[in-house]
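**Q** Below you will find the structure I want to go over with you.
The values are calculated or read from the model by the stated rules, or taken from the named source; none is laboratory data. What you see is a predicted model; the values in this text were computed from it and never measured. So basically every Cβ, Gly included, is an ideal-geometry build from the backbone, and we count neighbours across all protein chains shown. Quick note on the areas: whole protein, heavy atoms, side chains included, nothing else; ligands and nucleic acids left out. Shrake-Rupley method; radii C 1.70, N 1.55, O 1.52, S 1.80 Å.
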Amino acid sequence: MSAKDIGGVAPAAWLALGGLVVVVAVPFVAIVLQAIFPAIGMGSFAKPFSLLGATLADPRLLRMTGNTVLLGTCVVIASALLAIPLGVARALYRVPFAPVWDVLLLVPFMIPPYIATLGWIMTLQPHGYLEQLFGFNLAPVLFSLFGMTLVMTFNTFPVVYFAVSRTVEAVGARYADVGRVFGATPARAFWRITLPLSAPGLAASLLLVFAAAIEEYGTPAALGRRAGFDVLVTGIDTRVGDWPIDLPGAATLSLLLVALSLAAFLLQRWILTRRSYQTVSGKPQNGDKRPLGYFTLPVLALFGVVAFLSTGVPMLAILSTALSRTISGGLALDNLTLDNFAAVFGNSAGALGALANSLTLGVATALLTGLIGVVSAYVVVKTRMRGRALIDIMTVLPNALPGIVVAVGLILAWNMPGLPFTPYNTGFILLLAYCCILLPQTARYATAAFVQIGDNLEAAARVFGATGAVAFRRILIPLVFPSLASAMLLVFALASRELVASVVVAPVGMQTIATFIWRQFEQGSVGLGMAMAFVTIVLTTLLPLVCLRLLSRKSLIKE
Amino acid sequence: MSKKIDQDADAVSAHDLALHYGDTIVLKGIDLSLSRGRTLALLGPSGCGKTTLLRLVAGLLQPTRGTVRIAGQPVADARTGLFAPPERRNLGMVFQDYALWPHLTVGGNVSFPLEMRGVARAERAARTMRALRRVGLEAYVDRRPSDLSGGQQQRVAIARAIVAEPRLILFDEPLSNLDRELRENMVGELAGLIAELRLTAIYVTHDHAEALTLADEVAVMRAGEIAQLAAPDDLVARPASAEVADFLRLGGTARLSWRSGTWFLAGSDHAVAHEAAPSRGREAQVLLPLAAVALSGPSHKALPARVVRSQFRGDGHLATVVLAGSPDVELQLLSAARLRPGEQIGLSIDPGRIRWFGEESHSTQEKKVVTC
Amino acid sequence: MLKSIKGLVTGAVSTLLLAGVAHADITVYTAGPQSLIDKLAEGFTTETGVKVNVFQATTGKVMARIEAEAANPVVDVLISASWDTATDFAKRGWLVPYASPNAEKVPAFLKTETAVAQGVSALGIAWNTKSGTTKPAEWADLTKSEFKDLVNIPDPAQSGSSFELTAALAGQDDFKLFKDLKENGAVIAGANAEALNPVLQGAKAAVFGAVDYITFGSKAKGESIDVIFPESGTVIAPRPVMILNWSKNQDEAKKFVDYMLSDAGQTLVAKTFLMPARSDIPADRPLIADLKLLSYDAAAVQGKRKETLQQVSDIFGAD
């Protein structure tokens, strides 16, 4: 290709490539090697493929794979049923208190899934909070595929809700009204115009939910095991966590999981490339929204119920447990205590250290994924460089890598003998793990943002005397910053509560929020764990919101 | 083509400039030069390569072959691999989509080129205001571009292009996103600005009126090549080919054949001209300019024709007609009265005003209705 | 704004770096309680000046880490919750023989050439005193109808001591007890804490084979819970301490073992409601001498681990 890029790209490309190799490729390759060479941990390439057959021949494998797909599919369907009506109502109608609902539906993101699950268990099991308050329990519902689906749906449906409300809002304002001018009733305009145009965004968000569901650990572990419902992730955890350890088997299962996720993402790509419309460029206009009329109360009730179930129940369960002197004391005034919170802020068991570690790591992860994500997205969207498809794949790949796989891969890769330096056993290994797991978030947002930016904005900067680097910093970064900032705040929240990888790779002597909570649970201090969880959720919800508010006040972000 | 021997006198020149994307040839080998203080228009339909040529000069693309020089200095040379990035070419540019940075104020946009050149803050502010004053927008310095109308945005883009007094300004269809009235006003303003500031400019457009109004020289481009490079008057008086004439809408083009001492419209009995044209063979390609075609009374010498469409043009009605029996040949004429589509009329052609093309010109059988 | 980001980054980097391992220290991996190892480490550092880096997790996670690190191990001292580990690692030749002078008062069955117990936990019935059920005295009491659907069993696949109890009891009556438990609606419910938590809230009345020290800890915090050690016998889980042969700090590691077995160290062990390994240290709980132990052939039981687990999962598997 002779129309080469005009300079200024090479450093960006190298930065992207270097970052991606360290963050994504290294652990992934280590996992692949482990699956093939069972003794790679000892630095030996002996007996390749010797254990692959045994793992794949395990009859339970088929059941685990089937269960994984089944659970993912159920969560996708449930999320769609829950989120689409809410998203559409939010997008097209004047829903009272809309910003409040948005914040409330954002909170489930911030509740670590394993905590939410525990909250549900403590609410619904016999003598749980529900029974203590109303005299009945729903235990049979909870410990089943249905219960798992429900708990996981409440955790992931906001992805779909926000995707639907954004795209439908843009499409509805611009195209559905045109349909109505040409004689379509509102319902027909919705079915014939709005829905088809929103389909790619909807599909993308649903596949994201699928990927998240099949690599979720906490809920299947807590609810599924009792229902005899094994999935690949719990299978991997068993192989990594039960003596004797079977790392090659875990690696093989991981690759199977990767294949499933990858299939989902290829499907999403295929849908997006086949039917992608530039609809997001139009500014959504609030003025166009219609009143709900008779439906005001039902819609409000729906929002209220969903917000209560997804945010209220887990948060109340967490708070009640944190405020209880003893679990067996139940919901009683004389059992009320602030001791657990006092213990957190009194640095009991290193609680404050864990908070500081996690918040620091969260900020560092957000900055690093922001940098790699924005540079990779730039190379992929704005250049014609060779090998940019590879960069694109590497930014998507971690979506398919469960945290535990990343963690094992990182240990394998960075604990090889003879490395001149290694991040292993320092906080940097956690940073690498978080960056790998969360990189797709920033990369995806940045990609979408770059697609929206006309090529001439950068060209103009170059013509008017800016070098490639200056144009990137002065023009492109500020333009993608609103999207990037939201993604980075999300990364911050997710990184600061990451559990699975943290438990496996946390350096000796270093606690994070999640390992702290997990440890308290393991040692019977459920209340202390829950107090920490509550503090964390409040922090990770409030800090990003405050940041966004500050940024929008400085008019760095519109909306 | 007025190619200068002294390269240093040229503000910009290109030699054998070509660009291929794989097997697709976008530019075939362009030679051109432009003296300081003059304006060159690149005129042509969509996909003719004019914007590509402009982006090669800007440094937004690298040539596959050939060289570009600005002020005598080579800035791109495919053979040596020399390539100066855009920021080192000291240019100004106005983009079709304005390309104003939405996150900067109007003032921030305009002062950006000065900032990149390291101009001190106070001087920057003064020059920014001067440039904005020139386009009549000094009151908008603190506004966001998105608060402005399309015409105002384009004025900001122009202010940004001239503020650093670059040695060359590139215009990439700057007015095509504006409505007609605004466009016509802006052409006048731009012409004034170019003359007043003695700008050296390359102006890409698909609008022949803009090109002929603004430029000292016009390069008509077609399929990756320059079909004709000439001053506007020359271009109108002596289009090099039927395609050029067609594109400039100078009138209708037709093929004539020489039969028994008379030029007939090819494939018909309509006699058009009588004088012999010995240097040409028995076939000729001609332009029948507006001025050559007139309505005539119903005399026996009149050519019978049917009106296809008619459009008001300010100084009369521009009618497109076909001669009876030759539906492929469309002629144009100016009529004081409105002619209705389908109306039968008689035409007279002034042979003295016919523009004869060389035999080498292509057939016009393939109708080229320029739509861009 | 930019400055504060820079500050954050610098802070982050320095925090991360400080978390690294300095090389004169020792690294301890422990499956024991975090609070215990924290106090032991603190006391040891005060006494010797040697810093202790701690990684605390379940036995399974600790093993996974050692396995993954096999090519470049960093652990000096390992405290497992399962004696099995000591046997297995000794067989692999990974352990350094060491007889601590402080180990004299440790009974012979709690030490080998290469390992010595830090403390001992036992399994018992954890029973919610407010559950409205009769206080059980025997394992078999949990098959009574008043415990219908109210019994949790820690997963023997996830807990070493739970496996030994299962194997020992199953060996006595060929799984009849477990079949009866299943009949009575008992469920296998994750690792120890996961099994205990529902009992605290009252969702279940009892844990069949709960790790005693966690339950004693909960009781001390005021939970309405008690531990019963059945007359018919139970199993104990000595928690072996080992020094790995790849350790570059073996002298410090030995000092750590010494400290752990010192009066101060063993008192700390006793305070977490574990039975101290040394018989001369008092503890506020029943000691080994007070318990009746099931007799079984540990080696044979471990040899049939896979089969036993399969049978358990066949009995308790999803219907």
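**Q** Report relative contact order for chain B in percent, whole number only (criteria: Cα-Cα under 8 Å, sequence separation at least 6). Could you put the intermediate results ahead of the total?
**A** On the way: 781 pairs, mean separation 56.4, N = 372.
Taking the mean separation of contacting Cα pairs over the length of chain B, I get 15 percent.
**Q** Residue by residue through segment B:70-82, what is 3J(HN,Hα) from phi via Karplus (6.51 cos²θ - 1.76 cosθ + 1.60, θ = phi - 60°)? Round to whole Hz and write x for glycine and proline.
**A** So the J values, rounded to whole Hz, are 10, 6, x, 8, x, 10, 8, 8, 5, 6, 8, x, 5.
**Q** Give the accessible area for A:SER552 in Å² (nearest 10); use a 1.4 Å probe, count only protein heavy atoms, and leave out ligands, DNA and RNA.
**A** Accessible surface of A:SER552 is approximately 40 Å².
**Q** Can you list residues whose amide H is under 5 Å from B:THR262's amide H, if they're 5+ apart or on another chain and H is modeled 1.01 Å from N?
**A** Placed amide hydrogens put nothing under 5 Å from B:THR262.
**Q** If you average the sequence gap of Cα pairs under 8 Å that are 6 or more apart and divide by the length of segment B:158-238, what percent do you get for the contact order?
**A** On the way: 74 pairs, mean separation 19.2, N = 81.
Once divided by the residue count of segment B:158-238, the mean separation gives 24 percent.
**Q** What order do B:ARG259, B:ARG121 take when sorted by accessible area (1.4 Å probe), most exposed first? Mind showing how you got there, number by number?
**A** Details: B:ARG259 90, B:ARG121 180 Å².
My answer, sorted largest first, is B:ARG121, B:ARG259.
**Q** Tell me the carbon and sulfur percent of the accessible area for segment C:25-154, rounded to whole percent, probe radius 1.4 Å. It would help to have the intermediate numbers written out before the result.
**A** Numbers: 2450 of 4630 Å².
It is 53 percent, rounded to a whole number.
**Q** Which whole number gives the average count of other chain Cβ atoms within 10 Å of the Cβ atoms across peptide C:71-79? Before the final figure, lay out each step's value.
**A** Working: counts 12, 13, 2, 5, 1, 0, 0, 0, 0.
The mean count of partner-chain Cβ atoms within 10 Å per residue comes to 4.
**Q** A further question on this structure: Given H placed 1.01 Å from N in the peptide plane, which residues other than close sequence neighbours of C:GLY185 have an amide H under 5 Å from its amide H?
**A** Answer set, sorted by chain and number: C:ASP149.
**Q** May I ask for the longest run of chain C untouched by GluC sites (Glu not before Pro) that are loop-located per DSSP and have at most 11 neighbouring C-beta atoms (other than their own) within 10 Å?
**A** Values: sites that count: C:GLU113, C:GLU231.
Result for the longest clean stretch: C:114-230.
**Q** Give the ranking of A:LEU256, B:LEU214 by solvent-accessible surface, highest area first, calculated with a 1.4 Å probe.
**A** A:LEU256, B:LEU214
**Q** Which trypsin sites (Lys or Arg not before Pro) in segment B:79-115 sit in a loop by DSSP (not H, G, I, E or B) and have at most 11 other Cβ atoms within 10 Å of their own Cβ? Kindly include the intermediate steps, with their values, before the conclusion.
**A** On the way: sites: B:ARG79, B:ARG88, B:ARG89; in loops: B:ARG79, B:ARG89.
Sites meeting the loop and neighbour criteria: B:ARG79.
**Q** Taking the Cβ of C:GLN310 as the center, what net charge do the other residues with Cβ under 12 Å away carry, scoring Lys and Arg +1 and Asp and Glu -1? Please list the in-between numbers first.
**A** Details: positive: A:ARG60, C:LYS304, C:ARG305, C:LYS306; negative: C:GLU307, C:ASP314.
Computed value for this residue: +2.
**Q** Restricting to segment B:7-237, compute how many DSSP beta bridges are antiparallel as a %, nearest 5. Provide the component values of the computation, followed by the final result.
**A** Numbers: 25 of 42 bridges.
Among the beta bridges of segment B:7-237, antiparallel pairing accounts for roughly 60 percent.
**Q** Can you tell which of B:GLY352, B:GLY22, B:GLY192 shows the greatest fluctuation in a Gaussian network model of chain B with Cα springs below 10 Å?
**A** B:GLY22
**Q** A further question on this structure: I need the helices of chain A that pass two filters: whole DSSP H segments spanning 30 Å or more by Cα along the axis, and mean Kyte-Doolittle score no lower than -1.0. Walk me through the intermediate numbers first.
**A** Working: long enough: A:59-92 (49 Å, 1.33); A:145-171 (36 Å, 1.22); A:247-274 (39 Å, 1.43); A:351-382 (45 Å, 1.66); A:427-452 (37 Å, 1.32); A:526-553 (40 Å, 1.79).
Long hydrophobic helices here: A:59-92, A:145-171, A:247-274, A:351-382, A:427-452, A:526-553.
**Q** Using a 1.4 Å probe on protein heavy atoms only, how many Å² of accessible area do C and A hide from each other, summed over both chains and rounded to 100? Each step should come with its number before you reach the end.
**A** Values: alone 15340 and 25610 Å², together 35900 Å².
Interface between C and A: roughly 5100 Å².
**Q** Another question, then. Probe 1.4 Å, all protein chains in place: accessible area of A:CYS74 in Å², nearest 10?
**A** Per-residue accessible area (A:CYS74): approximately 40 Å².
**Q** Could you give the accessible area per residue of the protein assembly as shown, probe 1.4 Å, as a whole number in Å²?
**A** Values: 51200 Å² over 1250 residues.
So the protein assembly as shown comes to 41 Å² accessible per residue, rounded to a whole number.
**Q** Which log10 I(q)/I(0) values does the protein assembly as shown give at q = 0.08 Å⁻¹ under the Debye formula, counting every alpha carbon as one identical point scatterer?
**A** Debye output, listed in q order: -0.96.
**Q** On C-alpha positions alone, give me the angle between the axis of helix C:192-201 and the longest principal axis of chain C, in degrees, nearest 10.
**A** So the helix axis and the longest Cα principal axis differ by about 60 degrees.
**Q** Taking all protein chains together and a probe of 1.4 Å, list C:THR234, A:THR73 from the most accessible to the least accessible.
**A** Values: C:THR234 0, A:THR73 60 Å².
If we order C:THR234, A:THR73 from most to least accessible, we get A:THR73, C:THR234.
**Q** Can you give the accessible area of B:MET129, probe radius 1.4 Å, in Å² rounded to 10?
**A** Looks like 60 Å² after rounding.
**Q** Counting Lys +1, Arg +1, Asp -1, Glu -1, what net charge surrounds B:LEU339 among other residues with beta carbon under 11 Å of its beta carbon?
**A** Net charge in that neighbourhood comes out at +3.
**Q** So which trypsin sites (Lys or Arg not before Pro) in segment B:140-206 end up in coil per DSSP with only 14 or fewer other C-beta atoms within 10 Å?
**A** Numbers: sites: B:ARG143, B:ARG155, B:ARG160, B:ARG167, B:ARG180, B:ARG183, B:ARG198; in loops: B:ARG143, B:ARG167, B:ARG198.
When the trypsin sites (Lys or Arg not before Pro) of segment B:140-206 are filtered for loop state and at most 14 Cβ neighbours within 10 Å, B:ARG198 remain.
**Q** Okay, moving on. Cα centroids of segment B:27-66 and segment C:103-160: how far apart, whole angstrom?
**A** Going from one Cα centre to the other spans 86 Å.
**Q** From other protein chains only, count the Cβ atoms within 10 Å of every residue's Cβ in C:53-63, then give the mean. Numbers along the way, then the final one.
**A** Working: counts 5, 4, 6, 8, 8, 6, 3, 8, 8, 2, 6.
The mean count of partner-chain Cβ atoms within 10 Å per residue comes to 6.
**Q** With springs connecting C-alpha atoms under 10 Å apart, model chain C as a Gaussian network and identify which of C:GLN302, C:GLN266, C:GLN118 has the largest mean-square fluctuation.
**A** Result: C:GLN302 has the largest fluctuation of those listed.
**Q** Please identify every one of the chymotrypsin sites (Phe, Trp or Tyr not before Pro) in segment A:110-164 that sits in a loop by DSSP and has no more than 15 other beta carbons within 10 Å of its own beta carbon. Numbers along the way, then the final one.
**A** Details: sites: A:TYR114, A:TRP120, A:TYR129, A:PHE134, A:PHE136, A:PHE143, A:PHE146, A:PHE154, A:TYR161, A:PHE162; in loops: A:PHE136, A:PHE143.
Within segment A:110-164, the qualifying chymotrypsin sites (Phe, Trp or Tyr not before Pro) (loop, at most 15 other Cβ atoms within 10 Å) are A:PHE136.
**Q** When Cβ neighbours within 10 Å are restricted to other protein chains, what is their mean count per residue of peptide C:281-289?
**A** Per residue, the number of nearby Cβ atoms from other chains is 0 on average.
**Q** Further question: What is segment A:51-333's relative contact order, in percent, from Cα pairs under 8 angstrom and six or more apart in sequence? Kindly include the intermediate steps, with their values, before the conclusion.
**A** Details: 337 pairs, mean separation 88.4, N = 283.
In percent, rounded to a whole number, it is 31.
**Q** Given the options B:HIS317, B:HIS270, B:HIS206, which has the most mean-square fluctuation in a GNM of chain B, springs set between C-alpha atoms less than 10 angstrom apart?
**A** Result: B:HIS317 has the largest fluctuation of those listed.
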